[in-house]
Amino acid sequence: MTEEDRLKVLEVLSKGGMSVGQLIVENSGTNNYYDYRSAERKAETYTNEQIARAIMAINGKGKPLSLMKHFVGVICVLQSIGWPKKFATCCTRINQLPGHENFHVRCDSNAIKSTQALRFAAVDYKEWATYEPKPGEEAATFKECKFAADSFVEMLTTAVE
């Protein structure tokens, strides 16, 4: 790493976060997030505020994100746009988003372990349109999580337009 690259990283750490080459750095209060992305994978970029607003719009009783297990759908969308592949890391980031304290349903990585263990949770969200879940519990849970995921994507794309 050159001196210029080190200075860029330091500049990023002192600000809110940005991308430096393939190094993604976000500073959210006292927690810093680092991610190395392959050059081939260009993720869509959404701000933390846009993500938080989209979650807030679908979160609560009678809404698509009404149960904690529905966060698996939201997390799968976030993973498909470049968030980490670990569900616990995603829950931590979700719980640090602006306004997270107002979410009616919060993300708890321990509470979603049984849902994330289902086969569909390992499939990239971009393939969910053609995914065939096993009949029974996986099919029912997939349907609920897909509804939450699709609603989240709709809110995200509406927020950007």
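The values are calculated or read from the model by the stated rules, or taken from the named source; none is laboratory data. None of these values were measured; they are calculated from a predicted model. Don't worry about glycine lacking a Cβ; one is built from the backbone with ideal geometry, like all the others, and counts go over all protein chains shown.
Number of residues in region 117-161 that are within 13 Å of Leu65 (Cα to Cα) and basic (Lys, Arg) equals 2.
Scan region 136-161 for residues that are small (Gly, Ala, Ser) and either part of a loop (DSSP other than H, G, I, E, B) or crowded, with 18+ Cβ neighbours inside 10 Å (or both) and jot them down.
Going residue by residue through region 136-161, those that are small (Gly, Ala, Ser) are 136, 139-140, 148-149, 151, 159.
Listed by number, the residues that qualify are Gly136, Ala148, Ala149, Ser151.
Filtering region 102-125 for residues that are charged (D, E, K, R) and in contact with a Lys or Arg (Cβ under 9 Å, 6 or more places away or on another chain) leaves a non-empty set. Here Glu127 does not fit the description of being farther than 25 Å from Ala52 by Cβ, assigned by TED's automatic domain parsing to the domain that holds Gln50 and in a loop (DSSP other than H, G, I, E, B). Beta carbons closer than 7 Å, at least 6 apart along the sequence or on distinct chains, pair a first residue in region 92-118 that is modelled with pLDDT under 95 with a second that is of a type in the set (Ser, Thr, Tyr) and not in a helix (DSSP H, G or I) for Val105/Ser66. If you go through region 99-135 and pick out every residue that is within 14 Å of the chain's Cα centre (by Cα), more than 17 Å from Lys146 (Cα to Cα) and surrounded by fewer than 18 Cβ atoms within 10 Å (Cβ to Cβ), you end up with 3.
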